[in-house]
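Each remark here refers to the structure printed beneath this line.
The values are calculated or read from the model by the stated rules, or taken from the named source; none is laboratory data. Everything numeric here is computed off the predicted structure, so don't read it as measured data. Heads up, the Cβs are rebuilt from the backbone with ideal geometry, glycines too, and the neighbour counts pull from every protein chain shown. Surface areas here come from the heavy atoms of the whole protein model, side chains and all, with no ligands, DNA or RNA. Shrake-Rupley method; radii C 1.70, N 1.55, O 1.52, S 1.80 Å.
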Amino acid sequence: MNVMPGYLQGVQHTAYNPLTVADKKRLLREMLFARRFEERCYEAYMERKIGGFLHLYSGQEAGVHGVMEAARPGYDYVITGYRDHIHAIKCGVDPKLVMAELYGKETGASHGRGGSMHIFHAASRFMGGYALVGGPFPLAVGMAKAIKMKGGDEIAICFLGDAANNQGTFHESLNMASLWRLPVLFVCENNLYGIGTRIDRSSAVLDQYRRAAAYDIPATQADGQDVEAVHQAASYAVNHVRSGSGPYFLELHTYRYRGHSMSDSNMYRSKEEERKWLKRDPVHVLRNRLIDEKELALDDFKSMDREIIDHIENDIIKFAEESPFPDPQDAEQYVLAENDPYVKGGSKN
């Protein structure tokens with residue numbers, strides 16, 4: 001495990017409860033499920049069953065799983081950008097609803113109105129994926145402000161990529177979060193690229209956690225390919241935020257194994273770089289560690305993989321394909337405020 005030294009201000013001394021073997025086995029299953037889910041999304045897109053944009057999370061699975069394992073999924077408020085399928089699932093959204101949303105079906109998490117980039121599920125406190133780069137920053141600060149005003153012990157967690165940190169909303173949001181000592185955790189999933197532009201061509205500061213120092217926000221960075229390292233760093237961060245000590249910034253070094261989106265030829269990355277990061281596959285890192293510790297047999301892993309693939313195909317894909325499309329006459333439902341029960345105070349559908 002590799003938790004890198006950062007601008008910590010003492011929070012690293014917080015007691016840490018490491019993951020149990022049972023926890024690690026469960027997380028291995030969840031991350032393997034996430035990988036196979038995203039791979040099946042890729043196939044469905046190529047079959048033209050998923051339309052619009054599609055941004056896959058393959059290679060970055062240790063990020064949201066490690067962070068949310070330290071938080072309280074379904075209780076804490078989570079918001080992210082457009083690479084959002086697995087974040088929604090880890091927060092408790094039924095994978096069937098996520099896949100149905102990608103298919104544009106009425107049974108989807110956003111009733112087929114949002115698609116891949118705009119999954120939303122209030123009941124799980126997953127407050128959405130957003131297409132606007134940097135857009136979730138101020139929304140996360142607003143959630144944290146509301147939590148503080150209501151006296152709750154929830155926290156807001158904002159996941160975004162490294163390129164979003166060059167937006168003005170990053171600076172405005174971190175400034176206000178620090179000024180008001182809000183319960184918000186900013187998680188930077190640094191996969192080195194903003195679409196096709198490498199970080200050293202777009203950011204004067206390569207270590208993104210250092211940027212939080214300008215707003216007096218404690219920060220650190222961790223190996224985003226190792227779910228145990230992420231969990232350890234996130235545990236310190238979550239404890240800091242939930243204790244009322246104000247915001248925290250966590251940078252995770254990670255890598256996406258596919259292009260930015262389905263239209264990305266991925267020609268701007270060298271094969272040598274890709275091979276280097278494939279050796280740090282987060283699923284394999286945890287699998288190999290459990291095997292080395294005699295806690296897992298390779299045959300059991302292969303059996304689990306087959307079960308997951310079967311479940312995705314025969315339950316999740318089947319549900320999405322058999323679900324109906326939204327009625328065109330109801331196109332404005334869940335979209336305009338006059339038809340929104342949350343706004344009008346009516347009963348929830």
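Give region 117-131 a look and list any residue that's open to solvent by less than 30 Å² (accessible area, probe 1.4 Å) and touching a Ser or Thr at 6+ places or on another chain (Cβ under 7 Å), or say none. Across region 117-131, the qualifying residues are I119, G129. Can you confirm whether V98 is more than 13 Å from the chain's Cα centre (by Cα) and not hydroxyl-bearing (S, T, Y)? Here the answer is yes, as V98 does meet what is asked.
Apart from one condition, A146 fits all of (1) without any contact (Cβ under 8 Å) to a residue 12 or more places away in the chain; (2) not in a helix (DSSP H, G or I); the exception is (2).
Under the condition of being open to solvent by 60 Å² or more (accessible area, probe 1.4 Å) and in contact with a helix residue (DSSP H, G or I) (Cβ under 6 Å, 6 or more places away or on another chain), the residues counted in region 300-318 number 1.
So that you can scan it fast, the table gives a plain yes or no per residue for (1) basic (K, R); (2) touching a His at 6+ places or on another chain (Cβ under 9 Å); (3) open to solvent by 10 Å² or more (accessible area, probe 1.4 Å):
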| site | (1), (2), (3) |
| --- | --- |
| Y77 | no, no, yes |
| I86 | no, yes, no |
| V93 | no, yes, no |
| L97 | no, yes, yes |
| E106 | no, no, yes |
| A109 | no, yes, yes |
| G115 | no, no, yes |
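The criterion of being out of contact with any Pro (no Cβ under 6 Å at 6 or more places or on another chain), closer than 25 Å to L286 by Cα, modelled with pLDDT of 95 or more and crowded, with 19+ Cβ neighbours inside 10 Å does not hold for D162.
Scanning region 264-289 for residues that are within 21 Å of the chain's Cα centre (by Cα) and over 20 Å from R29 (Cα atoms), we see that the one that is modelled with the lowest pLDDT is D264. Only one of these conditions is not met by L174: (1) open to solvent by less than 40 Å² (accessible area, probe 1.4 Å); (2) at positive phi. Which number is it? For L174, the failing item is (2).
The condition of being open to solvent by 50 Å² or more (accessible area, probe 1.4 Å) and modelled with pLDDT of 95 or more holds for only one of D226, D216, that being D216.
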